[in-house]
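The next block holds one structure in the form of structure tokens; read it before the comments.
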Amino acid sequence: MTLTQAEAFARLTLLRSPRIGPISFRQLLARFGTAEAALEALPEIGGRGGQPYRAAPRATVEAEVAATRRAGAKYLFHDQPDYPRLLAEVDSAPPIITYRGDLSLADGPCVAVVGARNCSAAAVKLARDFAAGLAGEGFTVVSGLARGIDGAAHESSLPRTVGVIASGIDIAYPPQHGQLQEQIAAEGLLIAEQPPGTEPRGSQFPSRNRIIAGLSAGTLVVEAAPQSGSLITARLAGEFGREVMAVPGSPLDGRSAGCNQLIRDGAVLVQSVADVVELLSGFDGVPRSSVREMAGAGFEAAPEELAEAEPADVERLLSTTPVAVDELVRQSGAGTAAVQLALLELEIAGRLERHAGGRVSLS
């Protein structure tokens with residue numbers, strides 16, 4: 001679709017406004033039809049949640065647009081035809097991304113190759129071999145530009161690689177990958193969700209990981225410790241209904257414990273490029289792997305189906321312990337749309353937090 005400049009600017013303003021995330025952004029568009037209309041309604045919605053509300057200042061958004069142009073990047077909106085198809089299937093997919101490079105790489109067959117930063121030399125060689133072999137078979141290799149496995153996967157699959165970063169499109173992180181990041185932007189594809197100038201923070205890496213998993217038909221973990229970011233990516237892939245694959249390692253090496261745990265939990269054990277190609281060629285959305293987290297609650301109501309509801313009625317059911325939205329619907333006796341709208345108002349007022357798996361809690 002073609003957006004007017006005014007609507008594109010309004011969407012950017014809406015997404016950069018306080019406490020507006022991907023889910024609440026889509027809910028507001030569903031309810032009001034356009035970002036311009038949603039921005040007009042935000043003060044009233046914030047008031048219903050009990051707090052005054054101000055959207056992002058125009059000057060801040062104008063400065064971001066200028067910085068994006070200086071970086072040689074472009075914006076892509078979630079409902080434009082070039083938005084990656086598999087990523088668009090994820091409820092929490094970023095409504096707006098910035099990118100540099102060949103966008104068509106993200107819409108071909110993609111596989112994520114991820115793993116430990118502090119990895120063994122053998123794992124680096126495995127990552128290089130898998131990435132080069134998969135690129136040779138026509139797959140695009142997706143990773144997060146971290147040290148270790150990520151960097152090896154990118155280097156060996158250029159130019160068929162997508163780098164997804166947790167910083168702004170103009171920030172190289174880690175700094176020693178600055179040249180690699182620039183090469184990916186020039187020859188492959190570089191994607192960022194955060195505004196230009198944003199330095200990476202811890203909370204942004206899981207957000208980056210969901211994009212890596214969402215872009216890919218499958219995620220391959222080469223080497224990873226328990227509780228690592230690579231396992232977050234793998235479990236998100238399982239939640240999204242994608243293949244989860246892992247290379248087994250010695251039980252004596254703690255760096256392999258995460259991969260072995262994934263295999264125990266239902267990931268497919270792979271030992272060669274041929275194993276991955278067999279799993280992902282003609283992937284039809286029904287994975288053989290069984291790594292699953294609780295699926296996120298979708299929100300696809302049409303604007304006229306969004307009923308009015310009082311946030312206080314839903315807030316009484318909430319605590320600081322995350323609970324599934326479906327459970328709130330059951331206990332409240334209200335319709336799904338009414339509960340979702342009440343949650344949106346609480347979120348905009350700063351009293352609600354959203355968690356993985358479609359769960360919510362009081363802030």
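Please treat every number below as a calculation from the coordinates, not as lab data. For clarity, every value in this text was computed on a predicted model and none was experimentally measured.
Quick notes on this one:
- Acute angle (nearest 10 degrees) that the helix 121-136 long axis makes with the longest principal axis of the chain, alpha-carbon atoms: 80
- Ratio of the Cα radius of gyration of the stretch 1-92 to 2.2 N^0.38 Å, where N counts its residues: 1.13
- Bins of 10 Å from zero: percent of alpha-carbon pairs in the stretch 134-225: 17, 55, 26, 2
- Between 0 and 90°, nearest 10: helix 58-70 axis offset from the chain longest Cα axis: 20
- Gyration tensor verdict on the stretch 48-98 (Cα atoms; rounded if a/c is under 1.5, prolate if a/b is larger than b/c, oblate otherwise): oblate
- Using distinct alpha-carbon pairs, which all enter the 1/r mean, Kirkwood radius of the chain in Å: 21.1
- The chain - share of DSSP beta bridges that are antiparallel (%, nearest 5): 40
- Ellipsoid equivalent to the stretch 224-282 - semi-axes via the Cα gyration tensor, in Å: 19, 15, 8
- Taking only the C-alpha atoms of the stretch 75-151, the Rg (one decimal) and the largest Cα-Cα distance, Dmax (whole number), read 14.3, 42 Å.
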